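Q: Supplied in structure tokens, the structure appears directly below.
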There are 2 protein chains.
Amino acid sequence: MAGVISPSMPVWVVENSANGKRAFSSFNEGLGKVLRFGAHGHEVLERLRWMAEVLAPTLSEVLAAHGPLELKPLIAQALHMGDEGHNRNAAASSLLLKKLVPAALESTVPQAQLAQALSFVAGNDHFFLNLSMAACKAMLDAAHGIAHSSLVTAMARNGVHFGIRLSGTGDAWFEAPARPVDGLYFPGYGPQDAAADLGDSAITETAGLGGFAMAASPAIVQFVGGTPAQAIANTLSMTHITLGHNHAFTLPAINFGGTPAGIDARKVLDTGIVPIINTGIAHKDAGVGQIGAGITHAPLECFALAIGALADGMA
Amino acid sequence: MAGVISPSMPVWVVENSANGKRAFSSFNEGLGKVLRFGAHGHEVLERLRWMAEVLAPTLSEVLAAHGPLELKPLIAQALHMGDEGHNRNAAASSLLLKKLVPAALESTVPQAQLAQALSFVAGNDHFFLNLSMAACKAMLDAAHGIAHSSLVTAMARNGVHFGIRLSGTGDAWFEAPARPVDGLYFPGYGPQDAAADLGDSAITETAGLGGFAMAASPAIVQFVGGTPAQAIANTLSMTHITLGHNHAFTLPAINFGGTPAGIDARKVLDTGIVPIINTGIAHKDAGVGQIGAGITHAPLECFALAIGALADGMA
């Protein structure tokens, strides 16, 4: 279920209705010059201000009129419409808009304000990404804290280090150098401009979306590189390192099999197969923003460190 | 480009901007008890009345605010989002709504009226179908009337006969008995209730969508039957009977190859491969409506008759 709270930096609130726990995310600003990729110029700050003053209060009222929004069925439907839930969210963003429009038109929000807010949502095919991230965080938090469990419950990167958490090792992060991203660049940029892998969006892969669900999304290769056959191969290779499949998220191209989900750090070490991540590419210099998107991999070393710590804890 | 004209039965107006010629279609009523599948009860007539009195004038004003709507890019995008443009239009219907919402909110249509009209559009995943049909008709009409051409420019069925037209044989229709549809039934219905293949929607296959574009739409097999692998095979088999590929409509699952388009009646006769059609299933009794959806094939005999007539005309 999703709602909105609206302080100076408004956030989505995603609640796991089974346990009442919440996850949060900011609103998606779009591509290019955006704060999450390090841009912080006038247009970026203006957009953030507008989000706090117009977008968030509007969506808050619209969601109040709509009632809690169920995210899992929406994500499941988007996976049948070519999204993988990380770098392709065109379908989920459209489905979100479709849910919001009737409630918006029955709300008391003035029509001109609705026009501004809904036009922004309609114009940003990545708008759903931040809901996808928070939904994945809420799902994974439910699996965190199981004694001795080698399940990976978070993967995150800061452009320098890549870190993972395991369910059975509490709040510890196991880190290794972040890898470069192999991808496609926006016009005027190339690999020499790129920061290493960056951001907290790999929470989607941790939950079985993104690179793990690429079989659902042959069209994404036009954004991140590769071929549709490789997209299917990526999903299938991830089945070697997951504990199972999430049958709430089925992938039509592999006969409606559930997406591989639940990364087992032991399986990663045993096979040497590391998680595949679809991700945006940030410029290495602060202030520029997103300059492309591509595919990268988690560094094996994180998993070795994590399993070492798990073993130490059981010794 | 699409507009609306609104007499007692309002229609979409789709214009081929290259030659100014127009095609028309009614508004999509949804599934089940709908006029186009033979239902004509109170709820059907009430819906049609509401369409004429509320939906059509609303969309007409919204489109006036929006300006002409380009259909080919929208269809192309939907083919990257799991639609095949005949029996799956979930993406195109969402994309249409996304185009309409900003214009709607800037129009002078009262908010309550917008709420009614846009909620109907948001609630009908097949809403775009009739625009797809009219777009295909407009594209094919441009190819009609070429002397000696064996290109198929229309396929249509009335539940009894299946008919085709060729570009080179003027207004003549070449007919054979319509086939049954092999498909999935709505609860409570089965093959014993079904009419034979029926409707003018096979204009989409004639233009390379629907059954010809199934590779784009693995999820459609949950609606019409079969497997995702068969969906790809269907598209590939149609390449044997088309004059080429439409590179405006690319299919990600076959490496972004264009959909096979331009059925050549000679190739159909030479190979014995007949066009595949995804279609709805009507109840055989008037008044009931749609009872399922499935896959059927054009009868070979139509093509033999048409080629015979073409040869006679050249003798």
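Q: Take the conditions buried (at least 21 other Cβ atoms within 10 Å of the Cβ), at pLDDT 95 or above and not hydrophobic (A, V, I, L, M, F, W, C) and apply them to B:Arg165. Does it pass?
A: So B:Arg165 fits the description; yes.
Q: Considering each residue of segment B:138-158, count those that are part of a loop (DSSP other than H, G, I, E, B) and either touching a helix residue (DSSP H, G or I) at 6+ places or on another chain (Cβ under 9 Å) or modelled with pLDDT under 95 (or both), and give that number.
A: Of the residues in that region, 8 qualify.
Q: When B:Gln111 is evaluated against the numbered criteria (1) at pLDDT 95 or above; (2) more than 16 Å from B:Thr204 (Cα to Cα), which criterion, by number, is the only one it fails?
A: (1)
Q: Continuing with the same structure: With segment A:164-246 as the region, which helices (runs of 4 or more DSSP H) entirely inside it contain at least 1 residues that are under 29 Å from B:Phe256 (Cα atoms), of a type in the set (Val, Ile, Thr) and within 14 Å of chain B (Cβ to nearest Cβ)?
A: Because the criterion is at least 1 residues that are under 29 Å from B:Phe256 (Cα atoms), of a type in the set (Val, Ile, Thr) and within 14 Å of chain B (Cβ to nearest Cβ), the helices (runs of 4 or more DSSP H) in segment A:164-246 that meet it are A:221-224, A:228-238.
Q: Let me ask something additional. Among (1) in the same structural domain as A:Ala202 (by TED's automatic domain parsing); (2) without any contact (Cβ under 8 Å) to a residue 60 or more places away in the chain, where does A:Met155 come up short?
A: Status for A:Met155: all satisfied but (2).
Q: Can you name every residue in segment B:42-60 that is surrounded by 13 or more Cβ atoms within 10 Å (Cβ to Cβ) and aliphatic (A, V, I, L, M)?
A: Within segment B:42-60, B:Val44, B:Leu48, B:Met51, B:Ala52, B:Val54, B:Leu55, B:Ala56, B:Leu59 meet the criteria.
Q: Next up: Scan segment A:236-293 residue by residue and report those that are aliphatic (A, V, I, L, M), surrounded by fewer than 17 Cβ atoms within 10 Å (Cβ to Cβ) and under 30 Å from A:His148 (Cα atoms).
A: A:Leu236, A:Leu243, A:Ala248, A:Ile273
Residue by residue, here is whether (1) in contact with a strand residue (DSSP E or B) (Cβ under 6 Å, 6 or more places away or on another chain); (2) farther than 17 Å from B:Lys72 by Cα holds:
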| site | (1), (2) |
| --- | --- |
| B:Asn87 | yes, yes |
| B:Leu96 | no, no |
| B:Val101 | no, yes |
| B:Leu105 | no, yes |
| B:Gln116 | no, yes |
| B:Leu129 | no, no |
| B:Ser149 | no, yes |
| B:Asn158 | no, yes |
| B:His161 | yes, yes |
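Q: Can you tell me which of A:Ser17, A:Ser94 is of a type in the set (S, T, N, Q) and either surrounded by 19 or more Cβ atoms within 10 Å (Cβ to Cβ) or touching a Leu at 6+ places or on another chain (Cβ under 8 Å) (or both)?
A: A:Ser94
Q: Can B:Gly280 be described as outside any loop (DSSP other than H, G, I, E, B), touching a helix residue (DSSP H, G or I) at 6+ places or on another chain (Cβ under 9 Å), in contact (Cβ under 8 Å) with a residue 12 or more places away in the chain and not aliphatic (A, V, I, L, M)?
A: The answer is yes for B:Gly280.
Q: Follow-up question, since we're still on this one. Hand me the list of helices (runs of 4 or more DSSP H) wholly inside segment B:39-128 holding 3 or more residues that are touching a residue at least 60 places away in the same chain (Cβ under 8 Å) and within 13 Å of another protein chain (Cβ to nearest Cβ).
A: B:111-122
Q: Quick one: A:Leu105 ticks every box in (1) more than 30 Å from B:Met214 (Cα to Cα); (2) surrounded by fewer than 22 Cβ atoms within 10 Å (Cβ to Cβ) bar one, so which box is it?
A: (2)
The values are calculated or read from the model by the stated rules, or taken from the named source; none is laboratory data. Here the structure is a predicted model, which means the values were calculated and not measured. Note that we place each Cβ from the backbone using ideal geometry, even for glycine, and neighbour counts take in every protein chain shown.
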